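The values are calculated or read from the model by the stated rules, or taken from the named source; none is laboratory data. Keep in mind it's a predicted model, so treat the numbers as computed, not measured. Neighbour counts are summed over all protein chains in view; Cβ atoms, including those assigned to glycine, are modelled from backbone coordinates with ideal geometry. Keep in mind that these areas ignore ligands, DNA and RNA; they rest on the heavy atoms of the full protein, side chains included. Shrake-Rupley method; radii C 1.70, N 1.55, O 1.52, S 1.80 Å.
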Amino acid sequence: MTVESSFSLLGTLTPQDISFVQTFENPVMSEFIDGAAGSVLVLGMITVAALLTYYRGWKTLWFDWLTSVDHKKVGIMYIVVAFVMLARAIIEGVLMRYQQSIAVNDPGVLTPDHFGQLFSTHGSIMIFFMAMPFITGMINYVMPQQLGARDVSFPLLNAISLWLTAAGAALVMISLVVGKFSTGGWTAYPPYTGIEFSPGEGVDYWIWSISLTSIGSTLTGVNFATTIYKNRAPGMTLFRMPLFCWTSLCTSVLMIFAMAPLTIATLMLALDRYAGFHFFTNDLGGNMMNYANLFWLFGHPEVYILILPAFGVFSEVISTFSGKTIYGYKSLVVATMSIAVLSFTVWLHHFFTMGQGANVNAIFGIATMLIGVPTGVKVYDWLLTMVRGRIRLTTAMLFSIMFLVTFVIGGLTGVILANPPVDFAVHNSLFLVAHFHNMVIPGVLFGMIAGYQFWFPKAFGFRLAEGWGKASFWCWSIGFYLTFMPLYALGLMGAMRRTVEWFRPEYLGWLQVAFVGALLLFSGFIFLCVQLVVSVRQRDQRRVPAGDPWDGRSLEWSNSAPPPEYNFAVIPEVSGQDAFTRLKEQGKAYASPTAYEDIVVPKNSIVAPVIGVGAIALGFALVWHIWWLVALGFVTIWGAVIARSFVTETERVIPASEVRADHEAWLQQVRECATTPREQEDTSANVGRAEVLA
Amino acid sequence: MKRQSLLHPGLNLGSTDEYSHDEAEPVIFGFWVFLMADLVLFAILFATYASMSVQGQAGGPSPTDVFDLPSAFIETMLLLSSSITFGMASLALKYKADRLHLVFWLVLTFCLGAGFVGMEVRDFWIMTQQGAVPQRSGFLSAFYMLVATHGIHVTAGLCWMIVMLVQLLVLGRTTEVKLRLMRLALFWHMLDIVWVCIFTFVYLFGVAL
Amino acid sequence: MLSVAATASNGFINPAGPIAEALRDHLIFIVMVMAVVIVPLFIALPWTLWRYRLRTKSGSYQPNWEFSWPLEILIWGLPAVIVVVLGWNLWHQSYELDPYKPLAAAEAPLEIQAIALDWKWVFIYPDQNIASVNEVMIVAGRPVRFRLTSGTVMQSFMIPRLGGQIYTMAGMETQMNLLASEPGQFRGLNTQYNGMGFANQKFITHAVSQADFDAWATKMSDSKPPLNQAAWALLAKPSVLPAPQSFGSVAEGLFTGVIAGFTGGHPHMKADGTDL
C-alpha cells in the first residue's frame, strides 16, 4: 500500500489540520487545551520577536549568535533549546498526571487521541530535544576549555549539528499547530506506527524530527571525539584530563556508534509508510521484532549518552565543593569506560517479554546487572570524594547529593527489572515508568541543572541567586519523590503505562499524590526561571570578573568570566591533574605570559542557519508530501555545503598585540581583586578570585 | 621529529607538502571516525538483510530467482578498478606538482564509478520488470535498502568527485582541496570494501545457499 | 507502602497462583540482597555531610587524599559478589519461570488459544470448541496453556495476579503457562499500547472448579451463537465491546488461520525463532 501521489502545492495539508480550526469545529475541553498550547507557542514567538525589535536585538542575534561557530555560543544556544523544550514537555507531564488523577471511572478532560499524542511528545521531547541538547550544550561549552583548547575540532560542523537539532525541535513545535503528532510513544513500535494502523502525518512528524537530530548527534560525536583526541593542551595526557572530559569522550564514542541503528530504524519505517516496503509489516515477510532490536540497540546506549555527561558534572561539582581532588580517578575512568562498552551488550532487556526464550533472556539479564557494578563504584567514589573534604552546600552541590541518594533507588529498581521473570510482571507498567524517571530526573536532569548552576558564572560573568536555586532544588526533589514513588506502588498493583482512564478505585489516592508531585516539579522549573530573571536584574552586584568564583580545579576557571572568544590568550602547559589548582598552589595562576602569538579564529558563517532552515523545510515537506519543497530543502542543504567548500576566507586573525592588551588588562583587574575565602562564597564579596589555602 | 609523530592511517603528504601534512591530522582522523559511523550503518543493514533474506521471502522471488551474478561480477570489477585508479590519483596528488595527472585519474575513476551505478540501476530496472519490487516481500525490501544505500553512497561520491574537479580548476591544489581529495579517497575505498561484502554475502551466498 | 498496596490490588504482589508468588518472592529476594550495597550509602552520606561540613571541628581535611587499596577492593569487590549471587539466581529463575515451560501437574493443561484484536481479547477453547470474548474461564488448580497471537498490532497478554506477560504478534505464536491456586476472579489486560481503546482492553479471568467449567462449557455449546466468518468480521473491526461475548462453536482452524493470514500459509515462527 503506497502513499497517494500528491503533486498539489501543499501536499496533503488542508485548513482542517490547523489546530485552531479543530478547536473551533470541535469545541471540547481536550481541543481547548490543544488550542491553548498552540496559542502559547504562537504568542510566545510573537513576544520574542517584539522584544527583539524593541531592544534592537536582531543584528546581535544574527551576527553574534545565529551565525556563530564559537563552541561557547553554540553550547549556550543548545541549552536555550533545551530549556524551551523542557517548558513544553514538563507541562505535558503535568497535564497527563492531572488527567490520570481524575480519570478513575471517568473519562477526564483529555480524549484518548490527545493523550496518545501527549505521552509521545513528552517522551520524544524530553529525550531528543531536552536532554540531548542539554548535555551536548554542556559538553560544548565546558570540554574545550577544560582541555586547554581554543575550540572543538570542527567548529562549523558543530554549528550545523546545533541547527539540525533545532530543526527537529522546530518540527515538533510546528506539530502543535499544524496537524497531529504520533500516538506511538517515543519508541514508535510498528506495526502500530505503520501506515495501516497509523495513517496520517503523526508518525511522519516523529520520523523526520528524530532523523534530523540523530544525524546532528552523530556528527557531534565525531566532532567531540576528535577534539578530545587531538586538541588537548601540551602536557595534558588522557590521564590528566578532568573527569568531565573522560565522560565526554565516552559519550561521543557512544554517539558515533549508537545513533546509526536509530537512523536505520526510522528510515525503514519511513520506507514502509511512504513506499510500501515490508520491513516491519504484519505480512509479506515483515518482521516487527527487528524494529525492537534496532531501536533498542540505539536506545540503550542512548540512555548512557544522557547519563555519562551528568556523571561528569557530578565529578566536577562534588570535588570542587568538597575542596578536594576527586577520589579514585583511575577507578572512575575504568568504570566510565566499562559502562560505555557494556552499554552495547544489554539492549534486549527492553523486550524480555517478546518471547525469545530463557537462554537469551538470562544472558542479557546478567549483562544488565553487570553494568550496575561500575555505576555503584562511581557512587561510592563520589561519596569518598566528600570524605576528608570541606563540604559547601551550594545549589549545585545540593542537586549532586540528592542525585546520590535518589539515583541508587532507581538503580535498585533497575536490577529488579534486569531479572527477566520479574520483568514479565512489571514491564510496560507504571513501575517501569517510575524506574526510568528515577534515572533521568535525579540523574540527567539534576546533573544538567547542577552543571548549569556551576558554570553559569563562567559563561555570563555573574553568579546566580542561590536562594532561588535552593528553592528550586527543594521543589524538584520533593516533587520527584511525590510524583514517582506512588508510581512504583501502582505498577506493582497492576497499573500500566500510557493509560488514559482507570477502572480500579484503589489507584485514585496514589494518582492524586502523583499529581501534587508533578505540580511541585513544575514549580521547581518556574523557580529556575525566576532565579535567572532575578540574577540578571542583580547582575552588577553578582559579577565575578576574575573568573574563579568556586575555587575551581580545572583549566576553564583560569580565564576571565565571560572568557574571551579564543578561550586562552596563551595555551597553557599542563603538568598534572587538577591543572588549575596546581597553578594556584604554585602561585602561577595569574602570571603574565612571556610571549603572545597571533590567534586564528574561524569566521562566522551563514551555512549553519541556512542548513537549519532547509532542514525544517525538508522535514515539513516530507510530513505533508509537498514534493517540490522536499526537493528545494534538499538542494538548499547540499547547495550550502557545496557553496561553502568554495569559500577560501574562513578564518580571521586576532593580532598578538590585541591579545596582549586584552589579557594584560584582565590580569591587572584580577590582581586588584580581593581573594574570597569559601565562607564568603555566596556574598557580593566574591568577585571570582579564590584564596589559596596553605 | 614532530613530523614523524604526525602520521595518520593512509596516504600521508609528509615529505611533499609539510604544511598540508600538519593540517591533515585532526581532519583525517575525524573523517576516519565518521567512516566508522557509516560502517555501523552498513553493518546494521547487513544484519537486517541476513535476518530477512530467508524468512522474509513470503513466497515471492528468492535470491536465485533475481540475482544476476554476471552483472554483479562486472560491477565488482568496475568498482575495484575504480579504487585502483583512485589510488593512482592519490599518488598523483602526492608526487606530481601539476594537475593533469590528478585530473586524468579522477576522470577515469568517475567513469568507472558511473559505469557501476549505471549497471546497478539497470539491474534494479530488470528486477522490477520481473515483479521483484521492494514492495513484494521483506527480503526484497532489505535487499534493495542495502544495495541501494551503497549505490546512493557511490553516487554521492561521484557528485563529490565532480565538485572536486571543479575546485581543482577554480581553486587549484590548495591545502583544503588536497585534504578533501584525501577524504574522498578514503570514502571511495571504504565503499569498495562494503561492495566486496555485498557481493560475497548477498550475491554469492544468496545463490549458493 | 508495599503492604498497603498489596491488600486490595490487582498486581503480582497479591498473588493468586504459584507463578505470581514466585515472582513476588524473587522481587523481595533481589531487594534484600541489594540492600547490602544501598543501605550503607544511606547511612554514610548524612554522616559524611555532617562530619566534613565547611565549619566542622572534627573532620580532618586532606585535600589530596584520593586512593586507598582496601576501599577499592571493597567498592569493586562487594558489588561483584552481589552480581554473582543475583546472577546465579537470575539464571536459575529465568528457566524456572519461562512462560513457555509447561507446569508440572498430574493432568494435562487446559488448552486455550488467545487472539489479541483491537481492542478486545478472543479466547478459543479448542478442546471444547467454544469461545469467549473479554472473559476467560479456567480451572482452579489445573495448569492452563495459552497459545497466543495477534490479529492486529503488537500487544501483550497479562493476568497480573497469576503471572507475568508475553507479547502477542501477528503471524507468530507465543505461549504462556499459568496456574490459579484457588477459585476466584482476576483481571487481565493488554499492556502494550495499541490505540484509542487501549485503556478499555481488559478482560476477566474466572477460575472455577473442573465441574463448574464443564457445566459452563456445555451451556455455551448449547446456547451460544457460532463464531463464524460473519461474527469474526464483526470482532475484527476496531471497537470497544460494552460487555463480554460468548460463542457456542468456533470455525475450524480459526487460530492457525489468523496466523496464516499474515504468513501466507508459510511456516510461522514461535517468537523464539523456532518453526512450528
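Within the range A:546-568, the residues that satisfy the criterion of being hydrophobic (A, V, I, L, M, F, W, C) and crowded, with 23+ Cβ neighbours inside 10 Å are A:Ala546, A:Trp550, A:Leu555, A:Trp557, A:Ala561. Taken over the range A:179-225, the criterion of being at positive phi and surrounded by fewer than 24 Cβ atoms within 10 Å (Cβ to Cβ) is satisfied by A:Gly179, A:Gly185, A:Gly200. With within 23 Å of A:Glu31 (Cα to Cα) and either more than 14 Å from chain B (Cβ to nearest Cβ) or under 22 Å from the mean Cα position of the chain (by Cα) (or both) as the only criterion, which of A:Gly235, A:Gly179 stands out? Of the residues listed, the single one that is within 23 Å of A:Glu31 (Cα to Cα) and either more than 14 Å from chain B (Cβ to nearest Cβ) or under 22 Å from the mean Cα position of the chain (by Cα) (or both) is A:Gly179.
Among the residues of the range A:472-514, the one identified as within 7 Å of another protein chain (Cβ to nearest Cβ), among the small types (Gly, Ala, Ser) and in contact (Cβ under 8 Å) with a residue 40 or more places away in the chain is A:Gly494.
Scanning the range A:355-369 for residues that are at the interface with chain C (Cβ under 8 Å from one of its Cβ atoms) and touching a helix residue (DSSP H, G or I) at 6+ places or on another chain (Cβ under 6 Å) turns up A:Ala358, A:Asn361, A:Ala362, A:Gly365, A:Ile366, A:Met369. Residue count for the range C:31-56 under the criterion of being within 16 Å of A:Met397 (Cβ to Cβ) and within 7 Å of chain A (Cβ to nearest Cβ): the result is 6. Filtered by the rule that a residue be under 20 Å from the mean Cα position of the chain (by Cα), open to solvent by less than 50 Å² (accessible area, probe 1.4 Å) and farther than 15 Å from C:Leu234 by Cα, the range C:104-132 gives C:Pro109, C:Leu110, C:Glu111, C:Ile112, C:Gln113, C:Ala114, C:Phe123, C:Ile124.
The C-beta contact set for the range C:209-227 (first residue farther than 21 Å from C:Gln113 by Cβ and touching a residue at least 12 places away in the same chain (Cβ under 8 Å), second residue open to solvent by less than 70 Å² (accessible area, probe 1.4 Å) and of a type outside the set (D, E, K, R), distance under 6 angstrom, 6+ apart or interchain) is empty. Within the set A:Thr263, A:Thr281, the sole residue that is within 19 Å of C:Ala170 (Cβ to Cβ), within 12 Å of another protein chain (Cβ to nearest Cβ) and either out of contact with any Gly (no Cβ under 8 Å at 6 or more places or on another chain) or crowded, with 24+ Cβ neighbours inside 10 Å (or both) turns out to be A:Thr281.
Filtered by the rule that a residue be more than 19 Å from C:Gln192 (Cα to Cα), of a type in the set (A, V, I, L, M) and assigned to a helix (DSSP H, G or I), the range A:175-217 gives A:Leu176, A:Val177, A:Ile207, A:Ile210, A:Leu212, A:Ile215.
Looking at the range A:392-412 only, could you name the residues that are open to solvent by 10 Å² or more (accessible area, probe 1.4 Å) and either assigned to a helix (DSSP H, G or I) or hydroxyl-bearing (Ser, Thr, Tyr) (or both)? Result: A:Thr394, A:Leu398, A:Ile401, A:Met402, A:Val405, A:Phe407, A:Val408, A:Ile409, A:Gly411, A:Leu412. Selection within the range B:45-62: residues that are open to solvent by less than 40 Å² (accessible area, probe 1.4 Å) and farther than 11 Å from B:Ala142 by Cβ. The member of this set that is nearest to the other protein chains (Cβ to nearest Cβ) is B:Ala58.
Taken together, A:Met337, A:Met289 contain a single residue that is within 11 Å of chain B (Cβ to nearest Cβ) and not β-branched (Val, Ile, Thr), which is A:Met289. The single condition among (1) in a loop (DSSP other than H, G, I, E, B); (2) under 28 Å from A:Met448 (Cβ atoms); (3) touching a Leu at 6+ places or on another chain (Cβ under 8 Å) that A:Lys324 does not satisfy is (3). Here A:Thr165 meets each of (1) closer than 30 Å to C:Asp118 by Cβ; (2) in contact (Cβ under 8 Å) with a residue 60 or more places away in the chain with one exception, condition (1).
Where helices (runs of 4 or more DSSP H) fall entirely within the range A:1-114, those with at least 3 residues that are open to solvent by less than 30 Å² (accessible area, probe 1.4 Å) are at A:29-54, A:71-102.
Rundown of residues vs (1) of a type outside the set (Ser, Thr, Tyr); (2) in contact with an Asp or Glu (Cβ under 7 Å, 6 or more places away or on another chain); (3) under 29 Å from C:Gln155 (Cβ atoms), yes/no style:
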{"position": "C:Trp65", "(1), (2), (3)": "yes, no, no"}
{"position": "C:Gly77", "(1), (2), (3)": "yes, no, no"}
{"position": "C:Val84", "(1), (2), (3)": "yes, no, no"}
{"position": "C:Leu90", "(1), (2), (3)": "yes, no, yes"}
{"position": "C:Leu110", "(1), (2), (3)": "yes, no, yes"}
{"position": "C:Gln113", "(1), (2), (3)": "yes, no, yes"}
{"position": "C:Leu117", "(1), (2), (3)": "yes, no, yes"}
{"position": "C:Pro126", "(1), (2), (3)": "yes, yes, yes"}
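Looking only at residues of the range A:501-518 that are in contact with a Lys or Arg (Cβ under 8 Å, 6 or more places away or on another chain) and assigned to a helix (DSSP H, G or I), we find that the one that is nearest to A:Val104 (Cα to Cα) is A:Leu511.
In the range C:57-66, what residues are surrounded by fewer than 14 Cβ atoms within 10 Å (Cβ to Cβ) and at the interface with chain A (Cβ under 9 Å from one of its Cβ atoms)? Within the range C:57-66, C:Ser60, C:Gln62, C:Asn64 qualify. When the range A:118-152 is filtered for residues that are in contact with a Gly (Cβ under 9 Å, 6 or more places away or on another chain), under 20 Å from A:Thr67 (Cβ atoms) and either open to solvent by 10 Å² or more (accessible area, probe 1.4 Å) or not in a helix (DSSP H, G or I) (or both), only A:Tyr141 remains.
Within the range A:385-396, being facing chain C (nearest Cβ under 7 Å) and among the β-branched types (Val, Ile, Thr) holds for A:Val387, A:Ile391. Among the residues of the range A:375-384, are any open to solvent by less than 10 Å² (accessible area, probe 1.4 Å), closer than 30 Å to A:Leu532 by Cβ and more than 7 Å from chain C (Cβ to nearest Cβ)? Within the range A:375-384, one or more residues are open to solvent by less than 10 Å² (accessible area, probe 1.4 Å), closer than 30 Å to A:Leu532 by Cβ and more than 7 Å from chain C (Cβ to nearest Cβ). Evaluation of A:Gly612 against the conditions (1) without any contact (Cβ under 8 Å) to a residue 12 or more places away in the chain; (2) open to solvent by less than 20 Å² (accessible area, probe 1.4 Å) shows that the sole unmet condition is (1). Restricting the range B:103-158 to residues that are of a type in the set (Gly, Ala, Ser) and surrounded by fewer than 19 Cβ atoms within 10 Å (Cβ to Cβ), the residue that is nearest to B:Gln57 (Cα to Cα) is B:Gly131. Output yes when any residue across the range C:73-94 is facing chain A (nearest Cβ under 7 Å) and either hydroxyl-bearing (Ser, Thr, Tyr) or in a loop (DSSP other than H, G, I, E, B) (or both), and no when none is. Within the range C:73-94, one or more residues are facing chain A (nearest Cβ under 7 Å) and either hydroxyl-bearing (Ser, Thr, Tyr) or in a loop (DSSP other than H, G, I, E, B) (or both). Listed by position, the strands (runs of 3 or more DSSP E) enclosed by the range C:182-261 that each have at least 1 residues that are within 21 Å of C:Gly163 (Cβ to Cβ) and either within 14 Å of chain A (Cβ to nearest Cβ) or of a type in the set (Asp, Glu) (or both) are C:184-190, C:202-208.
Scanning the range A:647-685 for residues that are farther than 19 Å from A:Ser558 by Cα and assigned to a helix (DSSP H, G or I) yields a count of 5.
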